[in-house]
Structure formats: structure tokens, C-alpha cells
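To start, the structure itself, in C-alpha cells.
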Amino acid sequence: MLGQIAVFLVDTLFTFFVFLLLARFHFQWLRVPFHNPAGEFVLAATSWLVMPVRRVVPGLRGYDIPTLLLAWILQALSLVAQIAIMGGEPRAVPVIAVAFVDLVRYSIYLLVFAVIVQAILSWVRTYSPFSPVLEAMTRPFLRPFRRFVPPLGGFDLSPLALLIVLQVVLIVLGHAKPVAATLG
């Protein structure tokens, strides 16, 4: 019981920061403005982690590699801690591979969250301080679907099509995670 509680607490704490770091990476990659409540929160919550790493690891062609690397390391440390708490012996290659699969999954979860919240806000509140953030996060992914999925009766069904594709990708990643755990 105590082991389960410890695993839960480790997973919750590390996953919280991994999600924030991934949000920071994706905000910069997708050119999401940071001058909004969500962006300011992400910056405030992660700068203490990211700034020291940026002194050592440079960015690459406009991509925030230090933030992505830090998210990967934190996820790997989380896996190592969880395995150790449960009495296992963590192995480097599987932990690194599973951490990578988890980062891809979490990135997709961020996109799913943004699409769903954007759709809900479009129904109940046409403008919100988060609207520009959500629009910037989802636009590049919805654009291809909007070319092929026409609006029906004034309803944009492209978010639904994107969510279906993302769910299929999550199913594939769900099967990739056990495979990654057996590497090495």
C-alpha cells in the first residue's frame, strides 16, 4: 500500500512538471504567445528548471532543445524512481525508450486537451484570454483536416476528425510502450 502511494506521488509530481515543460516546448515551437495567463504560468513554473540547463545545452534552429531534454530526463527519472519503489531494477535503455514514448503521448494529450477546450469555448464563450493560445496550438494540426472536412450546417467537424486520428495514434503508442520496455 505504501509503495502504491509513493509511486502515485512520484508519478503525479514528475508528470506535472513534464507536462509543463512540454507545454513550454510546444508553445515556443508553435509560436504561441506567452503574454497570457497560461503562458505566464508555464514560464513562471518552469524557468527555474530550464534556465540553468540553457547555459549548458543550446537550442537548435529555433527549437527549445533544453526544455525538451529536461522533460525527457524528468520522465526517465520518474520511471527510475517508480521502478525502484516497486523493488525492481531499472535498466537504462528501456527507461530511455519508455520515457520517449511517454513524451510523445503527453504531447498528444496536450493537443487533445487544447482541441476539446477550444471547441467548448467556441460554444459557450466566443472570446477568452486562452483563445489565442488554443488557436495557436491547434491551427497547424487542424489546417490539413479543414481542407478535406467541410463545415456541415455551420459546424466545423475538423476538430472531431483530428481527435479521431489522435486517438488512433494513442492506441499505437499504447502498444509501443510495452515494446519499448523490453528493449535492451
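The values are calculated or read from the model by the stated rules, or taken from the named source; none is laboratory data. Quantities reported herein were computed from a predicted structural model and do not represent experimental measurements. Ideal geometry is used to build each Cβ from the backbone, glycine not excepted, and the neighbour counts take in all protein chains shown. Quick note on the areas: whole protein, heavy atoms, side chains included, nothing else; ligands and nucleic acids left out. Shrake-Rupley method; radii C 1.70, N 1.55, O 1.52, S 1.80 Å.
From helices alone, the chain scores -27500 deg cm²/dmol at 222 nm; the rule is -39500 (n - 2.57) for each run of n ≥ 4 DSSP H residues, then divide by the residue total. Which one, (i) 9, 35, 33, 18, 5, 0; (ii) 9, 30, 34, 21, 6, 1; (iii) 10, 38, 39, 13, 1, 0, gives P(r) over Cα pairs in 10 Å bins from 0, in percent as derived from the coordinates shown? The listed entry that was calculated here is (ii). Only Cα pairs under 8 Å and at least 6 apart count here; give the relative contact order of the chain as a rounded whole percent. In percent, rounded to a whole number, it is 26.
Per residue, what accessible area does the chain have, given a 1.4 Å probe and all protein chains present, in Å²?
Per residue, the chain has 59 Å² of solvent-accessible surface.
Carbon and sulfur together cover what percent of the accessible area of the chain at a 1.4 Å probe radius?
Numbers: 8060 of 10920 Å².
Carbon and sulfur together cover 74 percent of it.
Modelled this way, with points 7 Å down the Cα-to-C-beta line, the labels at Val149 and Val56 are 4.3 nm from one another.
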